[in-house]
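**Q** Input: one structure, supplied below.
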Amino acid sequence: MNFENKVAVVTGAGGGLGLAIIEKFARGGAAIVALDYSQKMADAAAEKVRSLTKQKVLAIQFDVADHHSVAKAFTAIDQEFKQIDILVNCAGVREVQKVYDLDPEEWRRVIDINLNGPFYCAREAVLRMRKTGGGSIVNIASVAGMMGLTHRPAYNSSKHGIIGLTRNLSLDCAADGIRVNAVAPGLIRTPLTDGYYKDPEFIRGLNEVVPMGAQGGTPGDIADAIAFLCSSEAKFVNGIVLPVDGGWAASKGYTTGSGSAQFTSAKNQT
């Protein structure tokens, strides 16, 4: 897919999904803005892209949950580029706790990063896109935004919210030539989810509800779907939620076994 003369902004660029996404766009010819909570991770992501392509990469540290930090980051983008053509809201966290144990501050943290942050970034992006003739936004939702999952009240709620935000923005921004869609990954192996693969019971249960099997999804699968949605081939695609989950969402929900509650790396970003 051709993204020459495009500028793609990706949040959470230093994580497993983010790295695959920025590499995909860079290989297609886009200049890249790698945004991450960690400057070290943003720089590492930028360096990887530079080692693979000749595309220009700007690495910026920011806090997606702080609208002042988001605004500052987009001002820095303005100083380097004259446009933003693509935004992928990829930064995210999760918690694995029952509501009885979930601290209100943890609830707020997850909602701030997973839902408020994409709104802050999308708002900054569309204010610029409308002046330059349009663009494309893809939000990373989850199958957890399409069904109920146990032990994840904040994560589940945030991903349902992302789908609602996607649909609203797709309506509000269409007249300005801005398309807004979402991708809903199933279980994709990244540093954030690696712990699940160490629990045979969890994988066995997931294999029962994922027609293509629990082991099939890769960050590259998500990057491919996002690239399609941002490409000219999808110029009439707007407001959709595209599951990339091996058929999980077409099947049924999943109840987390007690053994899987041990994976509580909530501070890791995707």
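The values are calculated or read from the model by the stated rules, or taken from the named source; none is laboratory data. Just so it is clear, the model here is predicted, and its values are computed rather than measured. Virtual Cβ from ideal backbone geometry, glycine too; neighbours counted across all protein chains shown.
**Q** Just to be sure, is Ile137 more than 26 Å from His160 (Cα to Cα), buried (at least 17 other Cβ atoms within 10 Å of the Cβ) and touching a helix residue (DSSP H, G or I) at 6+ places or on another chain (Cβ under 7 Å)?
**A** no
**Q** Same structure again: Between a residue in segment 124-143 that is at pLDDT below 95 and any residue that is surrounded by fewer than 24 Cβ atoms within 10 Å (Cβ to Cβ) and of a type outside the set (Asp, Glu), which pairs come within a Cβ distance under 6 Å, given they are 6 or more apart or on different chains?
**A** So the pair list comes out as Val143/Ala249.
**Q** What's the total number of residues in segment 181-225 that are buried (at least 18 other Cβ atoms within 10 Å of the Cβ), over 30 Å from Phe236 (Cα atoms) and in contact with a Pro (Cβ under 9 Å, 6 or more places away or on another chain)?
**A** Summing the residues that are buried (at least 18 other Cβ atoms within 10 Å of the Cβ), over 30 Å from Phe236 (Cα atoms) and in contact with a Pro (Cβ under 9 Å, 6 or more places away or on another chain) in segment 181-225 gives 1.
**Q** Please give the helices (runs of 4 or more DSSP H) falling wholly within segment 1-89 in which 3 or more residues are more than 23 Å from Arg123 (Cα to Cα) and either in contact (Cβ under 8 Å) with a residue 24 or more places away in the chain or not acidic (Asp, Glu) (or both).
**A** 16-27, 39-52
**Q** For the list (1) in contact with a strand residue (DSSP E or B) (Cβ under 8 Å, 6 or more places away or on another chain); (2) within 20 Å of Ile188 (Cβ to Cβ); (3) surrounded by fewer than 24 Cβ atoms within 10 Å (Cβ to Cβ); (4) of a type in the set (D, E, K, R), I need the number of the one condition that Asp36 fails.
**A** (3)
**Q** Give the residues of segment 92-109 that are modelled with pLDDT of 95 or more and within 18 Å of the chain's Cα centre (by Cα), sorted by residue number.
**A** If the condition is that a residue be modelled with pLDDT of 95 or more and within 18 Å of the chain's Cα centre (by Cα), then Arg109 is the only one that fits.
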